[in-house]
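Chemist: Have a look at this one before I ask anything.
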Amino acid sequence: MERIQMQAPGVSLDACGRRPKRATCRCCLDNFAHPFSPTVANCDGGDRGISREITIHLLNSVGGSAMTETGRLLGSGKEAEVFEYGALALKLYRRAASKASSFREAANLSILERLALPTPKVHAVGEFDGRWGVLMDRAPISCFADQFVSTAGRAPLEDMAQLHRSIHEKPGDGLPSLMGRLSARIRRAEGLDPASRKRLLLELDSLPDGDRVCHGDFHPWNIHGSGQGFMIVDWLDACCGNPLADVCRTYLLLHHAVPDRAMGYVEAYASVTGSEVGSILAWLPAIAAARLTEGVANENDELLRLAGLSP
């Protein structure tokens with residue numbers, strides 16, 4: 001059994017050795033089974049034989065008795081794992097840099113909460129055996145990706161585009177700069193010769209900046225619920241910038257996962273917002289080159305091609 005200590009303002013911490021009860025596995029919130037982040041969990045209520053459990057012991061601020069909850073592994077991806085915590089979800093990052101990632105996502109969500117966007121609410125940030133994580137609201141079980149992949153026609157594309165537009169209508173004050181992030185990633189991307197790197201940075205500098213909220217990783221597997229009950233998850237890379245760059249990032253992700261729907265999504269977004277397809281795809285070289293830093297080696301050849309660096 002592993003013990004988690006979560007830290008929150010005004011909350012004291014404790015841990016005990018009581019054996020946890022097995023909880024009923026629920027569907028995933030984040031880093032669940034989707035094409036962008038391979039996992040060991042699925043979305044049918046099972047966990048493929050995984051028996052790992054965690055227990056969270058949280059004392060209330062006035063020294064009352066410990067509240068013990070059992071958490072089951074919901075999803076496991078490249079960046080993090082997600083566990084149940086009662087009605088909430090606990091996202092634990094893997095890497096040595098997980099402390100910064102945890103606080104960054106929590107800070108982003110705190111900013112977005114003020115904007116009344118459909119995002120999880122943060123309840124605590126804490127450490128677990130050297131791993132840092134975020135305790136947050138759990139998303140609805142249903143995943144928009146099921147509809148997006150299985151439903152023919154433009155309806156799911158337009159629904160997703162409308163949701164994307166609602167994000168872009170909000171001011172991005174307080175979030176990191178999208179232009180700054182892209183520039184930094186292009187500068188450190190491996191496999192770029194000096195001339196290509198310089199050209200990409202000059203192209204990026206010629207594109208129009210913006211001041212809107214950008215999700216940074218918007219795709220159907222990060223959308224849960226339906227209708228008025230949508231919740232959008234995974235806001236680690238939220239930033240402030242030009243919405244068309246954010247749409248181009250979505251195009252790039254869909255191009256790899258569901259290529260037959262990628263251009264249709266760009267066209268749907270352009271239609272519902274009055275944007276131009278060409279203005280969205282103008283960001284593709286910079287967006288593709290920046291993704292080279294994300295450790296997706298199986299995509300590198302295609303990313304170099306989309307960045308205009310190979311035939």
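Chemist: Calculate how large, on average over all directions, the projected area of the Cα convex hull of the stretch 221-310 is; give the answer in nm² to one decimal.
Modeler: 6.7 nm²
Chemist: Which of the peptides 194-206, 162-174 is most tightly packed, and how do the rest follow, judged by the mean count of other Cβ atoms within 10 Å per residue?
Modeler: Taking the mean over residues of other Cβ atoms within 10 Å, the ranking is 162-174, 194-206.
Chemist: Now a separate question. Roughly speaking, what is the stretch gain from Q228 to R154, that is 0.36 nm per residue apart minus the C-alpha to C-alpha distance, in nm to one decimal?
Modeler: That works out to 24.7 nm of additional length.
Chemist: Say R0 is 30 Å: what FRET efficiency, to the nearest 0.05, do D193 and N298 get from their beta-carbon distance?
Modeler: 0.85
Chemist: If you don't mind, there's one more thing I want to ask. Treat every Asp and Glu Cβ in the stretch 177-303 as -1 and every Lys and Arg Cβ as +1, leave all other atoms uncharged, and give the resulting dipole magnitude about the Cα centre to the nearest 20 debye.
Modeler: 280 debye
Chemist: Put a dot 7 Å past each Cα toward the Cβ at K78 and D205; how far apart are the dots in nm?
Modeler: Placing both labels 7 Å beyond Cα along the Cβ direction yields 2.9 nm.
Chemist: With +1 on the Cβ of every Lys and Arg and -1 on the Cβ of every Asp and Glu, and nothing else charged, how large is the dipole of the stretch 130-176 about its Cα centre, in debye rounded to the nearest 20?
Modeler: It comes to approximately 140 debye.
Chemist: Moving on. Pop out the ³J(HN,Hα) list for the stretch 187-194 in order, Karplus 6.51 cos²θ - 1.76 cosθ + 1.60 with θ = phi - 60°, rounded to Hz; leave Gly and Pro as x.
Modeler: 5, 9, 5, 7, x, 9, 6, x
Chemist: Suppose the chain between Q147 and R305 were pulled fully straight at 0.36 nm per residue; how much longer would it get relative to their current alpha carbon spacing?
Modeler: 53.9 nm
Chemist: Let me ask another. Just tell me which lysines come within less than 18 Å, Cα to Cα, of K121; anything on the same chain fewer than 8 places away is out.
Modeler: K91, K170
Chemist: Net charge within 15 Å of S150 by Cβ-Cβ distance, Lys/Arg positive one each and Asp/Glu negative one each, not counting S150 itself?
Modeler: Neighbourhood net charge equals -1.
Chemist: Once you have the alpha carbon radius of gyration of the stretch 105-152, what is it after dividing by 2.2 N^0.38 Å, with N set to its residue count?
Modeler: 1.52
Chemist: In addition: Starting from the 7 Å offset along Cα-to-Cβ, what nm value, one decimal, do you get for the label separation of A184 and S275?
Modeler: It is 2.3 nm.
Chemist: What percentages, rounded to whole numbers, describe P(r) for the stretch 158-311 computed over all alpha carbon pairs with 5 Å bin width beginning at zero?
Modeler: Calculated P(r), rounded to whole percents: 2, 9, 19, 23, 21, 15, 7, 2, 1, 0.
Chemist: Measuring from the lowest to the highest alpha carbon on each principal axis, how far does the stretch 253-297 reach, largest first, in angstroms?
Modeler: So the extents along the principal axes, rounded to whole Å, are 34, 21, 11.
Chemist: Per residue, how big is the convex hull around the C-alpha atoms of the stretch 92-238? Give it to me in cubic angstrom, could you?
Modeler: 151 Å³
Chemist: So what's the stretch 148-190 giving for Cα Rg divided by 2.2 N^0.38 Å, two decimals?
Modeler: Against the empirical 2.2 N^0.38 Å value, I get 1.73 for the stretch 148-190.
Read-outs: derived from the displayed coordinates by stated rules, not from any lab. As the structure is a prediction and not an experimental result, all values here were calculated from the model. Here Cβ is always computed from backbone atoms with ideal geometry, including for glycine, and neighbour counts include all displayed protein chains.
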